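Report on the following structure.
The values are calculated or read from the model by the stated rules, or taken from the named source; none is laboratory data. Predicted, not measured: the structure shown is a model, and the values here were computed from it. Positions of Cβ are backbone-derived with ideal geometry, glycine not excepted, and every protein chain shown enters the neighbour counts. Each accessible area value is taken on the protein alone, full model and side chains, heavy atoms only, with ligands, DNA and RNA left out. Shrake-Rupley method; radii C 1.70, N 1.55, O 1.52, S 1.80 Å.
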Amino acid sequence: MIPVKAYAAQSPTTPLTPFNFERRDLRSHDVLVDILYSGVCHSDLHQARDEWGGSIYPMVPGHEIVGKVIKTGSEVKNFNEGDTAGVGVMVDSCRVCKPCTNYMEQYCAEGMTGTYNGYERDKVTIAQGGYSTQIVCDERWVYQVSDKLDMAGVAPLLCAGITTYSPLKFANIKPGDKVAVAGLGGLGHMAVKFAVAMGAEVTMLSTSSSKEKDARKLGAHHFVISTDDEAMKKHESYFNVVLDAVSGNHDYEKYLKLLGVQGKMLVVGLPAEDPKVNPFELIKNRRCIIGSMIGGTKETQEMLDFCAEKNIVADVEVIAMQYINEAYERMLKNDVKYRFVIDMASLK
Ligand code: NAP
Ligand code: ZN
Ligand code: ZN
């Protein structure tokens, strides 16, 4: 077994604290990654605090992982020692159902194996995430990362990046499309970068007037305060797509109203409370609401290659592992620019 250092939540109401545990010895298709950076996703906070129910403790959160391959199993084909590699939100799946054979493992018929807050396929071992010094993962769920990119900025691509890239691709965003992004956090800021790179006219919908300058720096063409009813009314039926990356409880109708004929609301934000939707707002303009969960292994590699080609990384605030509880509190105050990333050297 491989001993690792980590930070874990032991209950929904206690702060994350140091935690040591062991990773499995490498199987033939496994890769051992020495973790350099681990991004902090709002899903980490939702799950550490059991906001979605069913959390499993102790929980080592973290599913935005980048590091160096330090060992490979005997049958590993795509990685060598010294490669820069990423691990995201999944570490396994059934591998035989239709979604799995189509490399859409996030929709595995049996349920994917999440990087943490779930059990591995043996149904006994608790999967533990990236707030740790090393991870062992089957190479199918490990991605090649270009050394051209800033590594701390790459980590958030493994969740915030793929979670926004995938629905924008699904919506077939093309030059000239009018795309609004709701919520300028980790996911939202990546959505802006991708939609701009895909050629869309991008509008940021934010509750924080202080973020306007940053939104424009990220490439957004317009900025609308989503609590300003008059400004929102002016944009009714205007957009082809609204990507909802809001973490807190909110009203879907406010964003639905902004969609023009056959407009799509791409939902990635996962607040604790169920939203309310008025069917009259849905039938108007034949609007549709589409949910999207991260992205499959092939698409994740495609997204990382796209980022390398276009020189896209996340804007990050690098923190020490010991700062994680303060980082969570700041995240709840929408005070993140625009992703906390843990420098794992702080734990080694
Ligand atoms: P984040 O960095 O904390 O950003 C969320 C942003 O949402 C905030 O910065 C804020 O932006 C806005 N916001 C928060 N509460 C709001 C409210 N009550 N009303 C309106 N706007 C509000 O979070 P994140 O890491 O980007 O994650 C966003 C959501 O996506 C989370 O719920 C997370 O669990 C979910 N998620 C889903 C998937 C998936 O596969 N679908 C994957 C990863 C994460 P402004 O200051 O601009 O208003
Ligand atoms: Zn995430
Ligand atoms: Zn499957």
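Numerical summary
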{"item": "Check: the chain dipole with +1 on Lys, Arg Cβ and -1 on Asp, Glu Cβ, in debye", "result": "660 debye"}
{"item": "Total charge dipole magnitude, the stretch 240-345, about the Cα centre, Cβ charges on Lys, Arg, Asp, Glu only, Debye to nearest 20", "result": "560 debye"}
{"item": "Leading residue at positive end of dipole, the stretch 290-348 (Cβ point charges), from Ala308, Ser292, Asn334", "result": "Asn334"}
{"item": "Per residue value of the accessible surface for the chain (all protein chains in place, 1.4 Å probe), Å²", "result": "43 Å²"}
{"item": "Cα centroid of the stretch 71-95 to Cα centroid of the stretch 3-23, whole Å", "result": "24 Å"}
{"item": "Candidate residues Thr17, Thr101: accessible-area rank, largest first, probe 1.4 Å", "result": "Thr101, Thr17"}
{"item": "Of Lys174/Lys217; Lys71/Lys193; Lys234/Lys310; Lys123/Lys310, pairs whose Cα-Cα distance is over 31 Å", "result": "Lys71/Lys193; Lys234/Lys310; Lys123/Lys310"}
{"item": "Scattering profile of the stretch 79-144 at q = 0.13, 0.24, 0.28 Å⁻¹ [log10 I(q)/I(0), Debye over alpha-carbon scatterers]", "result": "-0.36, -1.07, -1.27"}
{"item": "Total charge dipole magnitude, the stretch 193-267, about the Cα centre, Cβ charges on Lys, Arg, Asp, Glu only, Debye to nearest 20", "result": "280 debye"}
{"item": "Kirkwood Rh in Å, taken over the stretch 241-280 so that all alpha-carbon pairs contribute", "result": "10.6 Å"}
{"item": "Largest-first principal axis extents of the Cα set of the stretch 232-330 (Å)", "result": "48, 35, 27"}
{"item": "Loop trypsin sites (Lys or Arg not before Pro), the stretch 103-172, which have at most 12 other Cβ atoms in a 10 Å radius of their Cβ (DSSP)", "result": "Lys123, Lys148"}
{"item": "The chain: relative contact order in percent, alpha carbon pairs under 8 Å with at least 6 residues between", "result": "18 percent"}
{"item": "Karplus-derived 3J(HN,Hα), 6.51/-1.76/1.60, for each residue of the stretch 25-37, Hz, glycine and proline x", "result": "5, 5, 7, 4, 9, 8, 10, 9, 10, 7, 7, 9, 9"}
{"item": "Inter-centroid distance (Cα atoms) of the stretch 44-67 relative to the stretch 169-186, Å", "result": "27 Å"}
{"item": "Cα centroid separation - the stretch 235-291 against the stretch 323-343, whole Å", "result": "27 Å"}
{"item": "Dipole of the chain, positive end: most advanced residue of His42, Val145, Ala197 [Cβ charges, Cα centre]", "result": "Ala197"}
{"item": "For the chain, built as a Gaussian network whose Cα springs stay under 10 Å, the top-fluctuating residue of Ala127, Ala109, Ala200", "result": "Ala109"}
{"item": "Per residue convex hull volume, Cα atoms of the chain, in Å³", "result": "128 Å³"}
{"item": "Environment charge of Tyr57, counting only residues whose C-beta is closer than 12 Å and scoring Lys/Arg +1, Asp/Glu -1", "result": "0"}
{"item": "Percent accessible area from carbon and sulfur atoms, the chain, protein chains only, probe 1.4 Å", "result": "50 percent"}
{"item": "Using alpha carbons only: equivalent-ellipsoid semi-axes of the stretch 23-101, gyration tensor based, whole Å", "result": "26, 18, 12"}
